[in-house]
1. Any residue in the range A:150-165 that is at the interface with chain B (Cβ under 9 Å from one of its Cβ atoms) sitting within a Cβ distance under 7 Å of a residue that is of a type in the set (Phe, Trp, Tyr)? List the pairs, counting only those 6 or more apart or interchain.
2. Only residues that are surrounded by 16 or more Cβ atoms within 10 Å (Cβ to Cβ), of a type outside the set (A, V, I, L, M, F, W, C) and closer than 21 Å to residue A:314 by Cα: list them for the range A:246-276, please.
3. Could you list all residues from the range A:221-278 that are part of a helix (DSSP H, G or I) and either among the small types (Gly, Ala, Ser) or touching a Pro at 6+ places or on another chain (Cβ under 7 Å) (or both)?
4. Let me confirm something: among B:419, B:408, which residue is within 14 Å of another protein chain (Cβ to nearest Cβ), in contact with a helix residue (DSSP H, G or I) (Cβ under 7 Å, 6 or more places away or on another chain), closer than 28 Å to residue A:442 by Cα and of a type in the set (D, E, K, R)?
5. Could you list, in sequence order, the residues of the range A:1-29 that are under 17 Å from residue A:68 (Cα atoms) and of a type in the set (Val, Ile, Thr)?
6. Report, by residue number, each residue of the range A:334-379 that is surrounded by fewer than 24 Cβ atoms within 10 Å (Cβ to Cβ), within 14 Å of chain B (Cβ to nearest Cβ) and in contact with a Lys or Arg (Cβ under 6 Å, 6 or more places away or on another chain).
7. So, in the range A:214-242, how many residues would count as being within 13 Å of residue A:254 (Cα to Cα) and among the small types (Gly, Ala, Ser)?
8. Test residue B:268 against the stated conditions and say whether it is in contact with a helix residue (DSSP H, G or I) (Cβ under 8 Å, 6 or more places away or on another chain) and among the hydroxyl-bearing types (Ser, Thr, Tyr).
2 protein chains.
Amino acid sequence: MDLNKHTLFFTDLIGNRCLSNEVDCKEYDHDETEDLHFLPQFVLKPETVNEISLIMAYCHEHAIPVTPAGARTGLSGGALAIKGGVLLSMERFNKILQIDEKNHQVITEPGVITQVLQDAVKEKGLFYPPDPASKGSCFIGGNISENSGGPKAVKYGVTKDYVLNLELVLPTGEIIWTGANVLKNATGYNLTQLIVGSEGTLAVVTKIVLKLIPHPTHDLLMLVPFYDAQKACEAVAAIFQAGITPSGLEFMERDALTWTQAFTNDFSLHVADNHAAHLLIEVDGFDPDQLMLDCEKIMGVLEKFETDEILFAETAAQKQGLWSLRRKVGEAVKSQSIYKEEDTVVPRFALPDLLFHVKRIGKEFGFHSVCYGHAGDGNLHINIIKGDMDDEKWNNELTAAMRELFGEVVKLGGTISGEHGIGLVQKPYMDIAFPEVSLNLMRQIKTVFDPKGILNPGKIF
Amino acid sequence: MDLNKHTLFFTDLIGNRCLSNEVDCKEYDHDETEDLHFLPQFVLKPETVNEISLIMAYCHEHAIPVTPAGARTGLSGGALAIKGGVLLSMERFNKILQIDEKNHQVITEPGVITQVLQDAVKEKGLFYPPDPASKGSCFIGGNISENSGGPKAVKYGVTKDYVLNLELVLPTGEIIWTGANVLKNATGYNLTQLIVGSEGTLAVVTKIVLKLIPHPTHDLLMLVPFYDAQKACEAVAAIFQAGITPSGLEFMERDALTWTQAFTNDFSLHVADNHAAHLLIEVDGFDPDQLMLDCEKIMGVLEKFETDEILFAETAAQKQGLWSLRRKVGEAVKSQSIYKEEDTVVPRFALPDLLFHVKRIGKEFGFHSVCYGHAGDGNLHINIIKGDMDDEKWNNELTAAMRELFGEVVKLGGTISGEHGIGLVQKPYMDIAFPEVSLNLMRQIKTVFDPKGILNPGKIF
């Protein structure tokens, strides 16, 4: 690679928003995936769609790898510049362009923090529901790349359900919109939905039009301790079968909760010795009386399972405390040990079977796991803990265990990633989720958008 | 085309479920689009996915056009065998395979009538919301091809929002599933969503997994007469801005209603001389008191507009009567005159502007139009009436009027089809909705799936 020539071009275009020395680039060599580091040659921070267009056209011409990056909070390695080249940081695309109250839509740049966007539309009484655990730091553009979910997905759907239209820069530098700012669209192939969840491998998203809904005015939150983790999983489907759709239904194994307590040094919640798992259940809506009725119905369902005393959050602070505990499980596990996080998803009723197989395979291969996640969606985050396992075993034997686990997931009607994406770390398992015919279709679609394979190379396939 | 050889192959494979004489094939030469007729050489009625796989492999080898057809109720010509060859009728794929109450899912074949599917899941307390006006005759597979909407879309979303997983036969004969039976999926490109709305040009859908939701237990319906059609359109956005999400919000111009009364010979509803348009507004949910409050809120909003007395449907029969009137508008218009139906969609708040342009362009080009549709979605069906316009003008000058109209639609942030698809009749206007770069992406995606271009050729592009 002719680094001097490229440096000249990029610097000429965007001045000191082109970083090219190793020290500056170091900061951009990782996301939140395990302990992986890949140094880009350039970090570029464009501010306009035109700049991105010129960068892409140049990189296309010179076959320079380009890895788009948001807040780099991803968990599958999507923002890692594994082939070097350009790390295209979208951090300067941080403006909400228009909150369209008349049509319940928002037009935003991709570098806006998800929670900032949520708070801004909430001020107008509007709601953008999808919010991953990292909502305080992740970018909305990253959410679109990974088709993020989060705890509200169980009632309100995932990112893809809110994306109406996207402005893109193609790997060849052309700028297009994928659709229109409308709620229904039967005009040609759905390019919008093809881009959502494509992990920055097909195009660079530069503007986003999202659907909004009226913000619910009330919610109730309860934490339910179970003596048996399997039974907690079984209770999940039972709640839905009773006709209730909670706005959150989270599962936490004992370790998930106690490790987080240790990590945050907050022991205000009493976890008894015989608590094997907890469900965190939220209902929301516009009518507090209706929510009380929903909670009563849920408690009626829970009576059929053995639970300890249910904790109702009574204040906003208490609610926030419980949600914060849940949101910090990932960080807490990360602080304890080297680990791998799997993001399995199955039909909701198969959750107890999935948990059974996790623990069975853990016993057979000798690993400890900490499980938690969006149980209402059948989406279980499985943290495989390295602990004192020797490196040889960790590096070489674990793949076989994962293959067995993912095989069970697919047999249960599920798949290998619910909301984290495939990126780099799940790539070796794609053949379990899809036959070669399907993978070939995907590879060819990739080639349609990116004939030279310069955009986020080495991901998904 | 070597007809004898092909007849032999098809008959050998599926016996008398292969029709090849002109009289038999005649029945399959049209759908519900205008007065268009195209005769296929063969009508094949496979019963198994394996038969379809063998048919596609054979047709691929011999470059025989294949046009998949459902109930042929489509309005854009998607099921017309415009290049002759095989009309692949999915009418034998008429079984609901499994209603999975435990996971709130249904697995169905594509040839099931939408209403049959709705009724079957309703018996289990479950709800599949998307239902086009033709729900009593259209197939769920056709709904997937066109990404159908219908009146409930305004609250519950369109077909794409319920499709979890699809079994496909590719044009080359391979059989794949697009995804998994899960509520969230971040595993590779979203092939499921690429197929939904692709109008049978990418693959033949052979099994469908749909998400279901709890069926609402109560609804209220009101019909609101306006003296000014523009004001009716303005009221639509105002209702949403008041924080209400109706489960139906339909607009009917005066002619839409009176022509339907004449068509059905049912004049039980009094339409006064000064009624210019009506809104049909439904709210649904689980709590009747809440619905009454919603209605009161809606009436509060309507007070700001000049309306005549609001009719509340008091019995199930009355509700059904009003909905039936609305559903029959299309047929009624068709019975009156040769016509063209446009399926424009704009952001909801732009609806009055859209109606203004329809009437303005109508005046300039000298055509009468009857407008109605899913106003809550900004989706206006515009029926251009031929009436006594001479053929020369109808055939040659109307295209310019349509191009002007669609140009306005796109300027308003909308697009040329909300739920009917592009098919054959909207194909000439695709360049208004998309630049050549986007159309090229779509054409190349088509080639990825269908390298010889045998599947539903001549549609969309």
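1. A:165/A:177
2. A:246, A:247, A:248, A:250, A:261
3. Filtering the range A:221-278 down to residues part of a helix (DSSP H, G or I) leaves A:229-241, A:254-264.
Passing the criteria: A:229, A:230, A:232, A:233, A:234, A:235, A:237, A:238, A:239, A:256, A:262.
4. Working: B:408 fails: closer than 28 Å to residue A:442 by Cα.
Checking each option against the conditions leaves just B:419.
5. Selection gives A:14 alone.
6. Passing the criteria: only A:349.
7. Selection size over the range A:214-242: 2.
8. On the way: in contact with a helix residue (DSSP H, G or I) (Cβ under 8 Å, 6 or more places away or on another chain): yes; among the hydroxyl-bearing types (Ser, Thr, Tyr): yes.
Judged against the criteria, residue B:268 is a match.
The values are calculated or read from the model by the stated rules, or taken from the named source; none is laboratory data. As the structure is a computational prediction, the values presented were derived from the model and not from experiment. Note that we place each Cβ from the backbone using ideal geometry, even for glycine, and neighbour counts take in every protein chain shown.
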